[in-house]
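Working notes for the structure below.
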Amino acid sequence: MMNRLVTNTGVLWLLLLTLTGSDLAYGQRLTKKKQKDAATVRSDQFRPEEEGLVVEGMKFMVRGEPERALAVFGQLVEKAPEDAAGYYLLATALNKLERTQEAIDAAQKAYQRDKSNLFYGKFLAENLSRQKNYKEAAVIYEELLLKDPSNIQNNIELAAVYVFTDQFDKAIDTYNRLEKNIGVTEEVVRQKQQLYLRQNKLEKAIEESQKLIASEPGESYYYIELAELYIANELLDKAIPALQDALKINPDEAQAHVLLADIYRRQGDLTKCNTELQIVFKNPNLDVTPKIRVLSGFLTMLKTPQDRSDAMELAKLLIHTHPSESKPYVLYADLLTQTNQREKARDAYAIAARLDGSIYEIWGALLQLDGELNAIDSLLVHSELALEVFPNQGMLWYSNGMANLAKRNFKQAVSALEESKRLIGDNPSMVQFINAQLGDAYNGVGDHEKSDEFYELVLKENPDNDHVLNNYSYFLSLRKEKLDKALKMSSQLVKRNPDNATYLDTHAWVLYVRKDYRQAKDFLEKALADQQNISATIVEHYGDVLSRLGEHGKALEQWKKAKEMGQLSELIDKKIASGTLHEQ
């Protein structure tokens with residue numbers, strides 16, 4: 001071998017650190033002596049022209065031109081085939097070009113030429129691991145640890161390799177060896193616990209938690225972690241003392257109160273559960289999520305009115321503690337719904353939706369209550385707000401269409417219902433509802449052909465659809481078209497619903513338009529017998545029939561009564577003023 005000059009170690013050390021971020025992180029963990037070892041070509045040294053190749057190749061790597069660097073480093077290993085550093089540099093360029101196997105081959109040559117350089121060995125092992133060549137990676141890591149048994153990163157990497165190959169006992173042995181060198185640490189304990197649990201060795205996992213507690217007996221959270229391990233394995237009675245120990249250290253440890261509340265809930269002791277929850281819910285520093293989880297479980301156990309009252313107070317307390325969170329309002333609304341306080345529940349859902357509009361279920365519950373309460377203005381506003389967030393949800397378009405239909409915004413109703421049908425087209429039962437409403441909406445805009453088309457679609461699938469039988473026959477009678485068809489449908493309707501005042505009125509009006517006033521009177525009198533469901537329209541219709549039958553005095557009485565009941569129209573006023581029938 002020819003004499004060689006010592007390379008510029010400062011240049012080469014900079015090179016090694018700037019090639020990869022992981023290399024830098026590793027370098028920072030080394031002692032100063034090991035940094036020098038990693039940075040120095042220990043066996044052979046480069047000649048000046050070879051050092052020039054190093055600097056040139058490094059320049060291309062820093063510029064992000066690994067292809068050009070590869071060519072330079074290739075020349076380097078040709079000129080100095082026994083130098084490990086050249087092969088390492090070659091491997092880094094191959095790595096950047098994702099020529100993985102070639103990179104591994106070059107890294108192996110670097111390590112073989114200088115096994116005293118732990119940096120080369122680590123580089124090779126990491127590349128082998130990335131290729132899932134865990135067996136060879138384990139061999140390299142084991143060799144490295146023979147030289148430096150206290151190296152934290154290499155121990156962790158070797159344990160991970162063993163885990164990947166399901167060699168859990170070897171992984172545990174590796175962690176144990178590391179613990180002998182560095183002492184008990186949270187990270188190692190948790191890794192060992194997971195391995196013991198995967199082997200169904202619960203007692204061993206518990207021992208690890210107890211060892212962590214023994215290492216720092218004043219750390220309350222270690223007791224909580226032990227309790228969580230007990231709880232996860234249904235050892236609730238053992239979890240309680242661990243949590244009580246945590247609270248002795250820190251009485252304000254909210255998580256301990258949460259877990260105790262959960263345990264008492266599972267054991268059916270709602271009094272103790274409620275006590276713990278009161279402590280927890282008053283603490284604004286604890287995240288709302290675990291509180292919600294525990295309270296949700298608490299709600300499933302409610303049996304008595306007092307239980308529900310306690311739950312309601314807890315929900316209110318949660319709202320007071322976390323006023324900007326939507327979840328407490330949702331739980332409160334759920335409780336209000338269960339106790340049939342629908343208006344308050346609707347208002348609570350509305351607040352929840354305002355705080356977090358990204359949860360579809362909140363909008364669904366809100367719109368359902370709007371519908372049940374017949375709060376049409378609210379239904380319209382809330383459906384429009386919901387559609388801003390969920391424009392592809394067909395049920396929201398349906399709610400919006402229904403609201404617009406009720407508000408007699410027929411054009412908007414048609415648009416919303418058509419969009420709803422497009423989005424819910426794969427739900428046959430829902431399509432029937434939409435088609436029925438589209439029949440109403442198209443009638444409202446005066447498109448009778450489309451209206452009839454949608455009604456026919458519904459009746460084809462369900463000939464006994466009461467909504468369509470009623471509206472279709474009534475609208476035909478108003479148009480004085482297809483009166484035979486209208487009579488057939490209204491007759492079918494009252495046969496199925498002989499005591500429904502609205503349907504009886506529809507049938508009576510079909511008879512009225514057909515000039516069968518005597519039968520119309522009979523059906524209207526049946527409708528009027530239902531005192532709870534009498535409407536001003538039914539009363540006015542009865543007056544019209546009486547007028548046609550010559551009973552003008554009685555007709556006037558009915559028209560006046562309809563007026564008192566709120567019937568507001570130009571026709572009713574004309575009828576009362578003249579005492580005679582007026583029709584459009």
In order through the range 93-104: 3J(HN,Hα) via Karplus (6.51 cos²θ - 1.76 cosθ + 1.60), integer Hz, x for Gly, Pro | 5, 4, 4, 4, 8, 6, 9, 4, 5, 5, 5, 5
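If R₀ is 56 angstrom, what is the calculated FRET efficiency for the pair Leu568 and Thr300, using the beta carbon separation as r and rounding to 0.05?
Working: r = 50 Å, r/R0 = 0.90.
The value I calculate is 0.65.
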Cα-based reach from Lys180 at 20 Å (exclusive), listing lysines while leaving out same-chain residues under 8 positions away | Lys147, Lys170, Lys192, Lys204, Lys211
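What trypsin sites (Lys or Arg not before Pro) in the range 390-462 are in a loop by DSSP, with at most 14 other Cβ atoms within 10 Å of the Cβ?
Numbers: sites: Lys407, Arg408, Lys411, Lys421, Arg422, Lys450, Lys460; in loops: Lys407, Arg408.
Counting only loop positions with at most 14 other Cβ atoms within 10 Å, the trypsin sites (Lys or Arg not before Pro) in the range 390-462 are Lys407, Arg408.
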Fraction in percent of alpha-carbon pairs per bin - 10 Å, the range 461-584 | 15, 45, 33, 7, 1
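Going down the table (Lys59/Lys79; Lys495/Lys554; Lys482/Lys561; Lys485/Lys554), which pairs top 25 Å between alpha carbons? It would help to have the intermediate numbers written out before the result.
Working: Lys59/Lys79 19 Å; Lys495/Lys554 29 Å; Lys482/Lys561 32 Å; Lys485/Lys554 32 Å.
Long pairs (Cα-Cα over 25 Å): Lys495/Lys554; Lys482/Lys561; Lys485/Lys554.
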Trypsin sites (Lys or Arg not before Pro) within the range 244-338: DSSP coil, no more than 16 neighbouring Cβ in 10 Å | Lys282, Lys303
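For the chain, what is the mean residue ellipticity at 222 nm derived from helices alone (per DSSP H run of n ≥ 4: -39500 (n - 2.57); sum divided by total residues; nearest 500 deg cm²/dmol)? Don't jump to the answer; show the numbers that get you there.
Details: 34 runs with 447 residues, N = 584.
Here the helix-only value at 222 nm equals -24500 deg cm²/dmol.
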Give me the number: length gained by fully extending Met430 to Asp105, i.e. 0.36 nm times residue separation minus the C-alpha to C-alpha distance, one decimal in nm.
-> 110.5 nm
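Nearest 20 debye, what's the magnitude of the dipole of the range 356-480 about its Cα centre given +1 on Lys and Arg Cβ and -1 on Asp and Glu Cβ? Don't jump to the answer; show the numbers that get you there.
Values: 9 positive and 19 negative charges, 90 e Å.
Computed charge dipole of the range 356-480: roughly 440 debye.
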With the dipole of the chain defined by +1 on each Lys or Arg Cβ and -1 on each Asp or Glu Cβ, the option from Pro241, Leu385, Val258 whose Cα lies farthest towards the positive pole is Leu385
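Using a simple charge model, +1 on the beta-carbon of Lys and Arg, -1 on the beta-carbon of Asp and Glu, nothing else, what dipole does the range 487-584 show about its Cα centre, in debye to the nearest 20? Let's see the in-between values first.
Numbers: 15 positive and 14 negative charges, 64 e Å.
In debye, rounded to 20, the range 487-584 gives about 300.
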Computed over the range 175-278: relative contact order in percent, which uses C-alpha pairs under 8 Å that are six or more apart | 16
Does the range 162-219 classify as rounded, prolate or oblate by the C-alpha gyration tensor (a ≥ b ≥ c root eigenvalues; a/c under 1.5 gives rounded; else a/b over b/c gives prolate, otherwise oblate)?
-> oblate
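When all alpha-carbon pairs of the range 392-518 are counted, what percent fall beyond 27 Å? Walk me through the intermediate numbers first.
Values: 1547 of 8001 pairs.
The proportion of pairs with Cα distances above 27 Å equals 19 percent.
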Filter the GluC sites (Glu not before Pro) in the range 162-254 down to the DSSP loop ones having no more than 16 other Cβ atoms within 10 Å, then list what survives.
-> Glu219, Glu234
How large is ³J(HN,Hα) for each residue in the range 345-360, as worked out from phi by the Karplus curve 6.51 cos²θ - 1.76 cosθ + 1.60 (θ = phi - 60°), to whole Hz, x for Gly and Pro?
-> 5, 4, 5, 5, 4, 5, 5, 4, 5, 5, 6, 8, x, 8, 9, 4
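Stokes-Einstein diffusion coefficient for the range 234-364 at 20 °C in a medium of 1.002 mPa s, Rh from the Kirkwood formula over Cα pairs: what value in µm²/s? Intermediate values should be presented prior to the final figure.
Numbers: Rh = 15.2 Å.
For these conditions, the coefficient is 141 µm²/s.
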D (µm²/s, integer) via Stokes-Einstein for the range 157-272, Kirkwood Rh across alpha-carbon pairs, 20 °C, 1.002 mPa s: value 141
Provide the per-residue ³J(HN,Hα) series for the range 265-281, in order, calculated from phi with Karplus coefficients 6.51, -1.76, 1.60 and θ = phi - 60°, each as a whole number of Hz, with x at glycine and proline positions.
-> 4, 5, 7, x, 8, 5, 5, 5, 4, 4, 4, 5, 5, 4, 5, 5, 5
Name the residue farthest towards the positive end of the dipole of the chain from the options Thr321, Tyr455, Gly86, assuming +1 on Cβ of Lys and Arg, -1 on Cβ of Asp and Glu, about the Cα centre.
-> Tyr455
Debye log10 I(q)/I(0) at q = 0.05, 0.07, 0.10 Å⁻¹ for the chain, Cα point scatterers | -0.51, -0.75, -0.98
Computed magnitude of the charge dipole of the range 80-133 (debye, nearest 20; Cβ of K, R +1, Cβ of D, E -1) = 200
How do Thr502, Thr185, Thr174 stack up against each other in accessible area, from largest to smallest, with a 1.4 angstrom probe?
-> Thr502, Thr185, Thr174
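The values are calculated or read from the model by the stated rules, or taken from the named source; none is laboratory data. None of the values given here were measured: they were computed from a predicted structure. Note: ideal-geometry Cβ built from the backbone for every residue, glycine included; neighbour counts use all protein chains shown. We work out accessible area using only protein heavy atoms, side chains counted, and drop any ligands, DNA or RNA first. Shrake-Rupley method; radii C 1.70, N 1.55, O 1.52, S 1.80 Å.
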